[in-house]
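The values are calculated or read from the model by the stated rules, or taken from the named source; none is laboratory data. For clarity, every value in this text was computed on a predicted model and none was experimentally measured. Ideal geometry is used to build each Cβ from the backbone, glycine not excepted, and the neighbour counts take in all protein chains shown.
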Amino acid sequence: MNVCIAAGGTGGHLYPGIALAQEMMRQDENSQVQFVGTQRGLEARVLPEVGFELCCIAVRGVIGKNPVRAFAALIQLPYAIGQCIRLLRRKRTELVIGIGGYTSPPLLVAALCLGIPRVIVEPNVIPGMANRVLGRIASMVLLAFEETTRFFIGTPTRVVGVPLRREFHRCPDIATNVGRHDHQRTIFVFGGSQGSRVINRVVVRALSLLMKHRSGLRIVHQTGEADCVFVRHSYAERHVDATVVVSLDDMPKAYASADVVISRAGAGTIAELTACGKPAILIPFPSAASQHQLRNAERMVKAGAAVLIEETGLSDRLLADAIRTLLDDANRLAVMAQRSLALAKPDATEQSIMCCRECIAQLSRRVA
């Protein structure tokens with residue numbers, strides 16, 4: 001396959017795209033994958049590290065911006081579409097994939113102009129605005145949840161799950177891991193690819209309240225760049241055993257070592273938690289579009305795989321009590337782990353590639 005993927009800005013948009021690209025290359029080493037993004041997004045750093053080419057286009061976000069910036073972004077959009085048209089022609093692209101965010105619209109519109117099949121990946125229960133609009137011109141929409149189909153009436157959909165890199169499915173089964181060390185528990189904390197100041201600050205204070213568990217508690221905390229020094233110093237002041245890093249290259253290893261995960265509730269995070277079978281305390285990002293993180297978290301809670309704390313009610317004591325309750329109940333942790341693992345869709349990436357091939361084959365039959 002010769003594919004162009006619009007995936008950037010945040011890890012939630014980028015990493016499913018990388019998972020798809022890696023699986024395409026694994027299935028057929030002659031496949032060609034091109035990413036479209038910007039120099040401002042996470043993709044500018046990550047894609048060169050994993051060996052994929054990035055083509056940068058002149059595009060900015062519109063949703064949630066002030067009127068002046070939104071108007072400037074709209075004025076810039078035709079130029080970005082033109083950039084994408086030239087790229088698709090030069091690369092002789094057979095398929096375009098959009099995973100939300102502001103890089104998807106110009107690429108999918110360019111593909112529509114050239115008659116190239118267009119696949120949208122929507123990993124959230126409630127789709128973002130970009131994917132809702134682009135669904136009208138998509139050849140197919142790949143979903144993580146059955147209930148999301150109601151947002152794409154009239155467009156072919158497939159419920160396949162969230163594409164994940166293969167290494168996430170190699171995490172040891174949680175049923176044999178939780179409670180494996182009577183003398184130590186590991187908590188993995190992260191607030192998404194950019195980190196979360198709210199989570200960083202409240203977790204440090206909450207963990208300092210867990211005097212009973214301090215000697216047997218190990219923390220792995222991914223902070224993002226802005227807060228790393230502060231969090232590392234704060235743990236040291238409180239004599240808490242913590243590994244504090246800006247980012248993690250081996251996320252599956254961090255999940256595999258954890259007894260409890262404290263995180264946001266982005267679609268990618270939920271998919272990783274379930275693939276690794278991890279109990280979680282979820283603190284959804286309150287400003288996420290259409291409250292999709294809250295909806296994602298509620299599904300985990302309903303399944304018995306997570307505890308939900310909304311940011312509006314978050315406090316040091318509340319979080320400390322939630323952590324203590326889980327750490328004191330090994331049986332509950334084991335049940336939560338099993339229920340988390342039961343939600344996993346380990347073949348999501350392979351199923352997504354099959355659907356992509358189907359779109360290309362449908363166009364070939366129409367042309368013939």
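For the stretch 326-337, state whether one or more residues are crowded, with 24+ Cβ neighbours inside 10 Å, farther than 19 Å from Glu147 by Cβ, out of contact with any Pro (no Cβ under 7 Å at 6 or more places or on another chain) and not assigned by TED's automatic domain parsing to the domain that holds Ser139. First the steps, then the outcome.
Just the residues of the stretch 326-337 that are crowded, with 24+ Cβ neighbours inside 10 Å, to begin with: 336-337.
Now drop any that are not farther than 19 Å from Glu147 by Cβ, which leaves 336-337.
Cutting the leftovers down to out of contact with any Pro (no Cβ under 7 Å at 6 or more places or on another chain) gives us none.
No, the stretch 326-337 contains no residue that is crowded, with 24+ Cβ neighbours inside 10 Å, farther than 19 Å from Glu147 by Cβ, out of contact with any Pro (no Cβ under 7 Å at 6 or more places or on another chain) and not assigned by TED's automatic domain parsing to the domain that holds Ser139.
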What do you reckon, is Arg60 at pLDDT 90 or above and either under 11 Å from Ala6 (Cβ atoms) or charged (D, E, K, R) (or both)?
no
Quick check on the stretch 36-52: of everything there that is touching a strand residue (DSSP E or B) at 6+ places or on another chain (Cβ under 6 Å) and outside any helix (DSSP H, G or I), which residue is surrounded by the fewest Cβ atoms within 10 Å (Cβ to Cβ)?
Gln39
Would you mention how many residues in the stretch 224-267 are touching a Phe, Trp or Tyr at 6+ places or on another chain (Cβ under 9 Å), of a type outside the set (Gly, Ala, Ser) and within 29 Å of Val162 (Cα to Cα)?
10
Failed condition for Ser247, given (1) under 21 Å from Val125 (Cα atoms); (2) under 15 Å from the mean Cα position of the chain (by Cα); (3) among the small types (Gly, Ala, Ser), with all others met?
(1)
List the residue pairs whose Cβ atoms are under 9 Å apart, where the first residue sits in the stretch 18-37 and is of a type in the set (Lys, Arg), the second is surrounded by fewer than 21 Cβ atoms within 10 Å (Cβ to Cβ), and the two are 6 or more positions apart or on different chains.
Arg26/Arg166
Let me spell it out: the conditions are (1) over 22 Å from the mean Cα position of the chain (by Cα); (2) under 21 Å from Ser287 (Cα atoms); (3) among the hydroxyl-bearing types (Ser, Thr, Tyr), and Thr223 meets all of them except one. Which number is the exception?
(1)
So in the stretch 227-260, with the set limited to residues that are β-branched (Val, Ile, Thr), in contact with a helix residue (DSSP H, G or I) (Cβ under 7 Å, 6 or more places away or on another chain) and farther than 24 Å from Gly9 by Cα, which one is modelled with the lowest pLDDT?
Val240
So Ala361 ticks every box in (1) at pLDDT 95 or above; (2) among the small types (Gly, Ala, Ser); (3) assigned by TED's automatic domain parsing to the domain that holds His13 but one. Which box is left unticked?
(1)
Any hit, the stretch 227-243, residues being in the same structural domain as Asp329 (by TED's automatic domain parsing), touching a Leu at 6+ places or on another chain (Cβ under 8 Å), part of a helix (DSSP H, G or I) and acidic (Asp, Glu):
no
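Looking for whichever is in the same structural domain as Ala7 (by TED's automatic domain parsing) and either modelled with pLDDT of 95 or more or in contact with an Asp or Glu (Cβ under 9 Å, 6 or more places away or on another chain) (or both) here; the options are Phe188, Phe152. Which one fits? Can you show your working first?
Values: Phe188 fails: in the same structural domain as Ala7 (by TED's automatic domain parsing).
After ruling out the rest, the residue left standing is Phe152.
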Of all residues being crowded, with 21+ Cβ neighbours inside 10 Å and among the small types (Gly, Ala, Ser) in the stretch 136-164, which is nearest to Ser290 (Cα to Cα)? Just the residue, please.
Ala144
Need the failing condition index for Leu319 against (1) at pLDDT below 95; (2) assigned to a helix (DSSP H, G or I), just the number.
(1)
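Would you be able to say whether some residue in the stretch 311-329 is of a type in the set (S, T, N, Q) and in contact with a helix residue (DSSP H, G or I) (Cβ under 6 Å, 6 or more places away or on another chain)?
no
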Against the definition (surrounded by 13 or more Cβ atoms within 10 Å (Cβ to Cβ), at pLDDT below 95 and in contact with a His (Cβ under 9 Å, 6 or more places away or on another chain)), how does Leu341 come out, yes or no?
no
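On the given criteria, is Arg324 in contact with a His (Cβ under 8 Å, 6 or more places away or on another chain), not β-branched (Val, Ile, Thr) and not in a loop (DSSP other than H, G, I, E, B)?
yes
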Is at least one residue of the stretch 287-303 without any contact (Cβ under 8 Å) to a residue 40 or more places away in the chain, within 13 Å of Ser340 (Cβ to Cβ), in contact with a helix residue (DSSP H, G or I) (Cβ under 9 Å, 6 or more places away or on another chain) and not in a helix (DSSP H, G or I)?
no
Based on what the data block shows, is Arg197 over 19 Å from Glu311 (Cα atoms), assigned by TED's automatic domain parsing to the domain that holds Asp316 and in contact (Cβ under 8 Å) with a residue 12 or more places away in the chain?
no
